[in-house]
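What follows is a short report on a single structure.
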Amino acid sequence: MVQLSKTPVKPAKATKETNLQKEQHLSSGKTPMPVTIQRRDLTPQDETNIIGSGTYGVCYKGFYHGNIPVVIKSFRKSIQRHEVQRESEALQDLQRTQHHISLPLLFGVNLDSLSFLLVTQLNGAQDRTYALGNAIKEKLLKFKQWVDLAIQLARTLGYIQSCGWLHNDLKENNIVVHYISPAWNPVIIDFGKSCLIKKAKVKTKQHDASRYPWIAPEVLQYTSPPSQASDIFSFGMILKLL
Ligand SMILES: Nc1ncnc2c1ncn2[C@@H]1O[C@H](COP(=O)(O)OP(=O)(O)OP(=O)(O)O)[C@@H](O)[C@H]1O
Ligand SMILES: [Mg+2]
């Protein structure tokens, strides 16, 4: 059983102006605060219901209010509040007026104590979830269905860009497939590295390029900020897998 720490976290305080600014809303300032989810309204997160893990944390399959299937992303303790807020803000901003079928539906966040939580709709079919990589390995879809899925992915990327956002980490395990009768739809998840196009900055942190084949070379070589073109590069790498 993984015990989530209940270490209290101080509310955002102006210890450093820059931190406070980061913790404030990151786009136009018009995105409302995400709903706070109470931990008691979520089923416990234990090893038996882990559905994935990565750089940012562990994702659990669980229920909200007893019977609403959700993904509970439990962030590593090193992840700062503003990083969780950035992910939730992107999801909210992209779905201000209505839910987009190929984007995760955000239920809310919990930033009261470590580990921070972000709760979204569970995507999959019946009782299973499928990251795109697994769906490919398991030959889940037929040729025509893969083509439709690729078209829907391209449309969703176009939509994200038309809203002024970049995803910045499009890869096979950041796309899951979701069945809504009669079709499979891609859902682009993990907006942890997303940013507004107008705020994209050249990377300064050293990266071993061979470990990030889905990231455009100009971004890894620190010559250009991430851009619409670099997200399209990553999309092209996904197409190669289909
Ligand atoms: N809405 C969802 N529906 C189904 N599965 C999901 C969903 N969200 C996340 N997952 C699963 O959990 C995994 C990890 O989620 P996510 O990409 O958000 O975490 P991460 O720590 O940022 O991962 P990484 O650093 O590897 O990109 C995904 O690859 C996927 O298998
Ligand atoms: Mg991911």
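The values are calculated or read from the model by the stated rules, or taken from the named source; none is laboratory data. Since this is a predicted model, take the numbers as computed values, not measurements. A quick note on method: Cβ atoms are made from the backbone with ideal geometry, for glycine too, and the neighbour counts reach across all protein chains shown.
Residue under question is LEU132, and the condition is that it be touching a strand residue (DSSP E or B) at 6+ places or on another chain (Cβ under 7 Å), without any contact (Cβ under 8 Å) to a residue 24 or more places away in the chain and either of a type in the set (A, V, I, L, M, F, W, C) or crowded, with 21+ Cβ neighbours inside 10 Å (or both); does it hold?
No: the conditions fail for LEU132.
Please go through segment 31-62 and give me each residue that is free of Cβ contacts under 8 Å to residues at least 60 places away in the same chain, closer than 18 Å to ASP127 by Cβ and either within 12 Å of ligand 2 (Cβ to nearest atom) or surrounded by fewer than 19 Cβ atoms within 10 Å (Cβ to Cβ) (or both), ordered by number.
Correct list: THR43, ASP46, GLU47, THR48, ASN49, ILE50, CYS59.
Could we say that TYR222 is without any contact (Cβ under 8 Å) to a residue 24 or more places away in the chain, surrounded by fewer than 18 Cβ atoms within 10 Å (Cβ to Cβ) and under 19 Å from the mean Cα position of the chain (by Cα) here?
Answer is no for this residue.
When only residues in segment 114-129 that are modelled with pLDDT of 95 or more and in a strand (DSSP E or B) count, which is surrounded by the fewest Cβ atoms within 10 Å (Cβ to Cβ)?
Here the answer is GLN121.
Could you list, in sequence order, all residues of segment 164-198 that are surrounded by fewer than 16 Cβ atoms within 10 Å (Cβ to Cβ) and out of contact with any strand residue (DSSP E or B) (no Cβ under 9 Å at 6 or more places or on another chain)?
The answer is ILE180, SER181, PRO182, ALA183, LYS198.
Tell me whether segment 150-170 contains one or more residues that are farther than 22 Å from SER227 by Cα and either in a strand (DSSP E or B) or out of contact with any Leu (no Cβ under 6 Å at 6 or more places or on another chain) (or both).
Scanning segment 150-170, I find no residue that is farther than 22 Å from SER227 by Cα and either in a strand (DSSP E or B) or out of contact with any Leu (no Cβ under 6 Å at 6 or more places or on another chain) (or both), so the answer is no.
Return only the number of the condition from (1) more than 15 Å from ligand 1 (Cβ to nearest atom); (2) touching a residue at least 60 places away in the same chain (Cβ under 8 Å) that ALA216 does not satisfy.
Tallying (1) more than 15 Å from ligand 1 (Cβ to nearest atom); (2) touching a residue at least 60 places away in the same chain (Cβ under 8 Å), ALA216 fails exactly one: (2).
Which of the residues spanning segment 130-140 are assigned to a loop (DSSP other than H, G, I, E, B) and at negative phi?
If the condition is that a residue be assigned to a loop (DSSP other than H, G, I, E, B) and at negative phi, then GLU138, LEU140 are the ones that fit.
Looking at segment 227-238, is at least one residue closer than 27 Å to ILE50 by Cβ and touching an Asp or Glu at 6+ places or on another chain (Cβ under 7 Å)?
yes
Filter segment 186-214 down to the residues that are within 16 Å of the chain's Cα centre (by Cα) and away from ligand 2 (no atom under 13 Å from the Cβ) and list them by number.
Matches in segment 186-214: PRO186, CYS195, LEU196.
Return the pairs, sorted by first residue and then second, in which the second residue is of a type outside the set (S, T, N, Q) and not in a strand (DSSP E or B), the first residue lies in segment 103-128 and is without any contact (Cβ under 8 Å) to a residue 24 or more places away in the chain and away from ligand 2 (no atom under 16 Å from the Cβ), the beta carbons are less than 6 Å apart, and the residues are 6+ apart or on different chains.
Partner pairs satisfying both residue conditions: LEU105/HIS99.
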